[in-house]
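The values are calculated or read from the model by the stated rules, or taken from the named source; none is laboratory data. Here the structure is a predicted model, which is why all the values come from computation and not from measurement. Every residue, glycine among them, receives a Cβ derived from its backbone with ideal geometry; neighbour counts consider all protein chains shown.
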Amino acid sequence: MKFTTAAAAFQPSGDVSGCGAPRLEVARITATAACLYDAPDEPRTFGHVLVDEAQDISAMQWRMLARRCPTGSMTLVGDFGQASRPAALRDWEEVLAVLPDRGDTRVVTLTVNYRTPAEIMQVAHRVLAAAAPQVEPTEAVRRTGEEPRFISVDRSGLVAAVGREARDAASVGGTVAVIAPSGLHRELVADLADVGARAGTADALDARVAILAATDAKGLEFDFVIVVEPSRLVSSDAAGMRLLYMALTRATRQLVIVHAEALPEALASAALSGPPIAAS
(Lines give C-alpha, C1' and ligand atoms only; values in the text may rest on other atoms or scores of the structure.)
Protein backbone atom coordinates (compact mmCIF):
# COMPACT_ATOMS: atom_id res chain seq x y z
CA MET A 1 0.00 0.00 0.00
CA LYS A 2 1.24 3.49 -0.70
CA PHE A 3 0.36 6.98 0.39
CA THR A 4 1.03 9.84 -1.97
CA THR A 5 0.38 13.52 -1.52
CA ALA A 6 0.79 16.36 -3.96
CA ALA A 7 1.32 18.88 -1.18
CA ALA A 8 1.85 18.35 2.55
CA ALA A 9 2.78 14.98 3.99
CA PHE A 10 0.03 13.04 5.75
CA GLN A 11 0.59 10.76 8.73
CA PRO A 12 -2.24 8.26 9.32
CA SER A 13 -3.25 7.21 12.79
CA GLY A 14 -4.51 3.88 14.07
CA ASP A 15 -4.01 0.43 12.62
CA VAL A 16 -2.54 0.45 9.13
CA SER A 17 -1.92 -2.78 7.27
CA GLY A 18 -0.12 -3.52 4.08
CA CYS A 19 -3.15 -4.91 2.35
CA GLY A 20 -6.13 -2.86 3.44
CA ALA A 21 -6.46 0.90 3.55
CA PRO A 22 -7.76 2.60 6.72
CA ARG A 23 -10.84 4.73 6.33
CA LEU A 24 -9.18 8.11 5.91
CA GLU A 25 -11.41 10.08 3.64
CA VAL A 26 -13.29 13.16 4.83
CA ALA A 27 -15.85 12.54 2.12
CA ARG A 28 -15.63 9.68 -0.31
CA ILE A 29 -14.58 11.01 -3.68
CA THR A 30 -15.99 9.20 -6.69
CA ALA A 31 -17.19 10.09 -10.13
CA THR A 32 -20.38 11.39 -8.54
CA ALA A 33 -18.40 14.33 -7.18
CA ALA A 34 -18.68 15.81 -10.67
CA CYS A 35 -22.33 16.47 -9.87
CA LEU A 36 -21.59 18.66 -6.82
CA TYR A 37 -22.25 22.31 -7.55
CA ASP A 38 -22.47 25.42 -5.39
CA ALA A 39 -24.23 27.26 -8.21
CA PRO A 40 -25.65 26.08 -11.54
CA ASP A 41 -22.63 27.25 -13.53
CA GLU A 42 -19.95 26.94 -10.87
CA PRO A 43 -18.42 23.54 -10.10
CA ARG A 44 -17.60 23.02 -6.45
CA THR A 45 -13.87 22.96 -5.64
CA PHE A 46 -11.86 21.86 -2.61
CA GLY A 47 -8.67 23.09 -0.97
CA HIS A 48 -7.52 19.54 -0.19
CA VAL A 49 -8.85 16.18 -1.34
CA LEU A 50 -8.40 12.81 0.41
CA VAL A 51 -9.01 9.75 -1.75
CA ASP A 52 -9.27 6.24 -0.29
CA GLU A 53 -9.21 3.06 -2.42
CA ALA A 54 -7.30 5.13 -4.98
CA GLN A 55 -6.19 2.02 -6.86
CA ASP A 56 -9.64 1.66 -8.44
CA ILE A 57 -9.95 5.14 -9.96
CA SER A 58 -9.68 5.55 -13.73
CA ALA A 59 -7.67 8.19 -15.61
CA MET A 60 -10.87 10.08 -16.45
CA GLN A 61 -11.91 10.12 -12.80
CA TRP A 62 -8.48 11.40 -11.77
CA ARG A 63 -8.80 14.27 -14.24
CA MET A 64 -12.22 15.09 -12.81
CA LEU A 65 -10.74 15.16 -9.31
CA ALA A 66 -7.92 17.44 -10.46
CA ARG A 67 -10.48 19.94 -11.75
CA ARG A 68 -12.19 19.93 -8.37
CA CYS A 69 -8.89 20.57 -6.56
CA PRO A 70 -7.18 23.54 -8.24
CA THR A 71 -4.54 23.73 -5.48
CA GLY A 72 -3.31 20.26 -6.39
CA SER A 73 -3.18 19.39 -2.67
CA MET A 74 -4.20 15.75 -2.37
CA THR A 75 -3.67 12.76 -0.10
CA LEU A 76 -4.17 9.48 -1.96
CA VAL A 77 -4.41 6.10 -0.26
CA GLY A 78 -4.42 2.82 -2.12
CA ASP A 79 -3.06 -0.66 -2.67
CA PHE A 80 -2.54 -1.50 -6.34
CA GLY A 81 -2.45 -5.16 -5.43
CA GLN A 82 -6.22 -4.81 -4.96
CA ALA A 83 -7.01 -2.82 -8.14
CA SER A 84 -9.83 -4.69 -9.84
CA ARG A 85 -12.14 -2.21 -11.55
CA PRO A 86 -12.18 -1.51 -15.29
CA ALA A 87 -9.72 1.19 -16.42
CA ALA A 88 -7.90 1.22 -13.06
CA LEU A 89 -4.32 2.40 -13.39
CA ARG A 90 -1.29 0.22 -12.70
CA ASP A 91 0.70 2.21 -10.15
CA TRP A 92 1.35 5.67 -8.69
CA GLU A 93 3.50 6.66 -11.67
CA GLU A 94 0.51 6.23 -13.96
CA VAL A 95 -1.68 8.19 -11.54
CA LEU A 96 0.76 11.09 -11.35
CA ALA A 97 1.10 11.11 -15.13
CA VAL A 98 -2.57 12.07 -15.53
CA LEU A 99 -2.59 14.67 -12.72
CA PRO A 100 -1.35 18.23 -13.30
CA ASP A 101 2.16 18.90 -12.03
CA ARG A 102 1.74 21.41 -9.20
CA GLY A 103 4.81 20.78 -7.09
CA ASP A 104 6.65 18.08 -5.23
CA THR A 105 5.08 14.70 -4.69
CA ARG A 106 5.97 12.32 -1.89
CA VAL A 107 5.22 8.60 -2.04
CA VAL A 108 5.30 6.61 1.20
CA THR A 109 5.24 2.82 1.03
CA LEU A 110 3.90 0.88 3.99
CA THR A 111 5.85 -2.34 4.36
CA VAL A 112 4.49 -3.72 7.65
CA ASN A 113 1.15 -5.51 7.91
CA TYR A 114 -0.32 -5.39 11.39
CA ARG A 115 -3.77 -6.76 10.54
CA THR A 116 -3.56 -9.97 8.55
CA PRO A 117 -1.72 -12.94 10.10
CA ALA A 118 1.49 -14.17 8.49
CA GLU A 119 -0.04 -17.59 7.82
CA ILE A 120 -2.74 -16.04 5.61
CA MET A 121 -0.34 -13.65 3.90
CA GLN A 122 1.89 -16.54 2.84
CA VAL A 123 -1.02 -17.77 0.73
CA ALA A 124 -2.16 -14.32 -0.39
CA HIS A 125 1.33 -13.30 -1.49
CA ARG A 126 1.40 -16.13 -4.05
CA VAL A 127 -1.75 -14.71 -5.61
CA LEU A 128 -0.32 -11.19 -5.43
CA ALA A 129 2.83 -12.26 -7.27
CA ALA A 130 0.70 -13.47 -10.18
CA ALA A 131 -1.80 -10.60 -10.07
CA ALA A 132 0.45 -7.59 -9.50
CA PRO A 133 4.14 -8.51 -9.67
CA GLN A 134 5.11 -4.83 -9.46
CA VAL A 135 3.69 -4.60 -5.91
CA GLU A 136 6.12 -5.45 -3.13
CA PRO A 137 4.63 -7.85 -0.56
CA THR A 138 4.30 -6.60 2.99
CA GLU A 139 5.73 -8.19 6.11
CA ALA A 140 3.09 -9.53 8.49
CA VAL A 141 4.18 -9.15 12.10
CA ARG A 142 1.44 -11.22 13.70
CA ARG A 143 0.98 -14.99 13.76
CA THR A 144 -2.03 -16.96 15.01
CA GLY A 145 -0.76 -20.52 14.65
CA GLU A 146 -3.75 -21.29 12.40
CA GLU A 147 -2.85 -22.15 8.82
CA PRO A 148 -5.37 -21.44 6.04
CA ARG A 149 -7.33 -24.56 5.15
CA PHE A 150 -8.31 -25.75 1.67
CA ILE A 151 -11.37 -27.99 1.52
CA SER A 152 -12.12 -29.83 -1.73
CA VAL A 153 -15.67 -31.18 -2.09
CA ASP A 154 -18.06 -32.54 -4.70
CA ARG A 155 -20.34 -29.98 -6.31
CA SER A 156 -23.34 -31.50 -4.56
CA GLY A 157 -21.69 -31.01 -1.17
CA LEU A 158 -20.40 -27.46 -1.65
CA VAL A 159 -23.11 -25.55 0.21
CA ALA A 160 -23.24 -28.07 3.06
CA ALA A 161 -19.45 -27.87 3.50
CA VAL A 162 -19.54 -24.09 3.62
CA GLY A 163 -22.38 -24.29 6.12
CA ARG A 164 -20.38 -26.53 8.45
CA GLU A 165 -17.38 -24.20 8.36
CA ALA A 166 -19.52 -21.11 8.95
CA ARG A 167 -21.34 -22.69 11.91
CA ASP A 168 -18.05 -23.78 13.46
CA ALA A 169 -16.67 -20.26 13.11
CA ALA A 170 -19.84 -18.65 14.49
CA SER A 171 -19.74 -20.95 17.52
CA VAL A 172 -16.30 -19.62 18.44
CA GLY A 173 -17.46 -16.00 18.44
CA GLY A 174 -16.29 -13.04 16.41
CA THR A 175 -17.28 -11.82 12.98
CA VAL A 176 -17.79 -14.32 10.15
CA ALA A 177 -17.96 -13.68 6.40
CA VAL A 178 -18.64 -16.06 3.54
CA ILE A 179 -17.30 -14.55 0.32
CA ALA A 180 -19.02 -16.45 -2.45
CA PRO A 181 -20.26 -16.13 -6.04
CA SER A 182 -23.58 -14.29 -6.13
CA GLY A 183 -25.29 -17.32 -7.67
CA LEU A 184 -24.76 -19.25 -4.43
CA HIS A 185 -26.02 -16.59 -2.03
CA ARG A 186 -29.65 -17.74 -1.87
CA GLU A 187 -28.69 -21.35 -1.14
CA LEU A 188 -26.16 -20.28 1.47
CA VAL A 189 -28.64 -17.99 3.26
CA ALA A 190 -31.19 -20.81 3.35
CA ASP A 191 -28.65 -23.32 4.64
CA LEU A 192 -27.37 -20.94 7.31
CA ALA A 193 -30.71 -19.48 8.40
CA ASP A 194 -30.27 -21.04 11.84
CA VAL A 195 -27.26 -18.79 12.50
CA GLY A 196 -28.84 -15.65 11.08
CA ALA A 197 -26.99 -15.44 7.78
CA ARG A 198 -27.81 -12.44 5.59
CA ALA A 199 -26.89 -11.40 2.06
CA GLY A 200 -27.68 -8.60 -0.34
CA THR A 201 -28.58 -5.89 2.20
CA ALA A 202 -26.79 -3.56 4.60
CA ASP A 203 -28.06 -5.82 7.41
CA ALA A 204 -25.60 -8.47 6.24
CA LEU A 205 -22.71 -6.55 7.79
CA ASP A 206 -24.31 -6.86 11.24
CA ALA A 207 -25.42 -10.46 10.79
CA ARG A 208 -23.84 -13.33 12.68
CA VAL A 209 -22.72 -14.65 9.29
CA ALA A 210 -22.36 -12.15 6.42
CA ILE A 211 -22.59 -13.56 2.90
CA LEU A 212 -20.90 -11.24 0.42
CA ALA A 213 -19.73 -10.99 -3.16
CA ALA A 214 -16.03 -10.30 -3.52
CA THR A 215 -16.57 -6.71 -4.63
CA ASP A 216 -18.74 -6.02 -1.56
CA ALA A 217 -16.00 -7.22 0.81
CA LYS A 218 -13.56 -4.49 -0.19
CA GLY A 219 -12.43 -2.37 2.73
CA LEU A 220 -13.96 -4.78 5.29
CA GLU A 221 -12.39 -7.22 7.72
CA PHE A 222 -13.67 -10.22 9.65
CA ASP A 223 -12.26 -12.63 12.22
CA PHE A 224 -13.20 -15.65 10.11
CA VAL A 225 -13.46 -15.68 6.32
CA ILE A 226 -14.63 -18.54 4.11
CA VAL A 227 -13.84 -18.00 0.43
CA VAL A 228 -16.08 -20.16 -1.75
CA GLU A 229 -15.32 -21.47 -5.23
CA PRO A 230 -12.55 -18.99 -6.19
CA SER A 231 -12.68 -19.95 -9.87
CA ARG A 232 -16.31 -18.77 -10.04
CA LEU A 233 -15.86 -15.92 -7.59
CA VAL A 234 -13.49 -13.90 -9.79
CA SER A 235 -12.42 -13.74 -13.42
CA SER A 236 -9.21 -15.46 -14.48
CA ASP A 237 -7.43 -12.30 -15.65
CA ALA A 238 -5.08 -10.12 -13.60
CA ALA A 239 -7.91 -7.92 -12.33
CA GLY A 240 -9.76 -11.01 -11.11
CA MET A 241 -6.66 -12.30 -9.33
CA ARG A 242 -6.25 -8.93 -7.60
CA LEU A 243 -9.85 -9.20 -6.44
CA LEU A 244 -9.11 -12.69 -5.14
CA TYR A 245 -6.06 -11.35 -3.30
CA MET A 246 -8.32 -8.78 -1.65
CA ALA A 247 -10.85 -11.44 -0.63
CA LEU A 248 -8.17 -13.64 0.93
CA THR A 249 -6.86 -10.77 3.01
CA ARG A 250 -10.18 -9.88 4.68
CA ALA A 251 -9.50 -12.40 7.49
CA THR A 252 -7.83 -11.29 10.69
CA ARG A 253 -7.81 -14.73 12.32
CA GLN A 254 -8.74 -17.73 10.16
CA LEU A 255 -9.12 -18.31 6.41
CA VAL A 256 -10.84 -21.30 4.80
CA ILE A 257 -11.15 -21.91 1.04
CA VAL A 258 -13.93 -24.31 0.01
CA HIS A 259 -14.14 -25.41 -3.62
CA ALA A 260 -15.48 -28.03 -5.99
CA GLU A 261 -13.92 -26.68 -9.17
CA ALA A 262 -10.18 -26.48 -9.80
CA LEU A 263 -8.47 -23.62 -8.01
CA PRO A 264 -6.86 -20.76 -9.96
CA GLU A 265 -3.23 -21.65 -10.64
CA ALA A 266 -1.73 -19.14 -8.21
CA LEU A 267 -3.97 -20.34 -5.39
CA ALA A 268 -3.48 -24.00 -6.27
CA SER A 269 0.28 -23.60 -5.87
CA ALA A 270 -0.28 -22.12 -2.40
CA ALA A 271 -2.53 -25.04 -1.47
CA LEU A 272 0.01 -27.61 -2.60
CA SER A 273 2.84 -25.92 -0.69
CA GLY A 274 0.87 -25.68 2.53
CA PRO A 275 -0.88 -28.16 4.83
CA PRO A 276 -2.68 -31.15 3.23
CA ILE A 277 -5.92 -30.30 1.44
CA ALA A 278 -8.96 -31.64 3.23
CA ALA A 279 -11.63 -33.48 1.28
CA SER A 280 -15.22 -34.21 2.12
Within the stretch 148-179, the residues that are part of a loop (DSSP other than H, G, I, E, B) and either touching a strand residue (DSSP E or B) at 6+ places or on another chain (Cβ under 8 Å) or modelled with pLDDT under 95 (or both) are P148, V153, G173, G174, T175
Can you tell me which residue is farthest from A260 (Cα to Cα) among those in the stretch 152-166 that are surrounded by fewer than 22 Cβ atoms within 10 Å (Cβ to Cβ) and touching a helix residue (DSSP H, G or I) at 6+ places or on another chain (Cβ under 6 Å)?
V159
Which of the numbered conditions does G103 fail, given that it passes all the others? Conditions: (1) in a loop (DSSP other than H, G, I, E, B); (2) within 23 Å of Y245 (Cα to Cα); (3) among the small types (G, A, S).
(2)
Identify all residues within the stretch 185-221 that are touching a strand residue (DSSP E or B) at 6+ places or on another chain (Cβ under 7 Å) and either within 26 Å of D56 (Cα to Cα) or outside the structural domain of L248 (by TED's automatic domain parsing) (or both); write none if there are none.
H185, A199, A204, A210, I211, L212, A214, A217, E221
Output yes when any residue across the stretch 6-21 is at pLDDT 50 or above and either in contact with a Pro (Cβ under 7 Å, 6 or more places away or on another chain) or of a type in the set (A, V, I, L, M, F, W, C) (or both), and no when none is.
no
Hits in the stretch 137-147 (condition: part of a strand (DSSP E or B) and crowded, with 18+ Cβ neighbours inside 10 Å)
A140
Sole miss for Q122 among (1) surrounded by fewer than 22 Cβ atoms within 10 Å (Cβ to Cβ); (2) polar (S, T, N, Q); (3) not in a helix (DSSP H, G or I) is condition (3)
Matching residues in the stretch 163-198 - criterion: being within 21 Å of the chain's Cα centre (by Cα) and under 12 Å from V228 (Cα atoms):
A166, A177, V178, I179, A180, P181, S182, G183, L184, H185
Determine which single condition S235 fails, assuming it passes every other condition in (1) part of a helix (DSSP H, G or I); (2) more than 11 Å from the chain's Cα centre (by Cα).
(1)
Can you tell me how many residues in the stretch 238-273 are β-branched (V, I, T) and in a helix (DSSP H, G or I)?
0
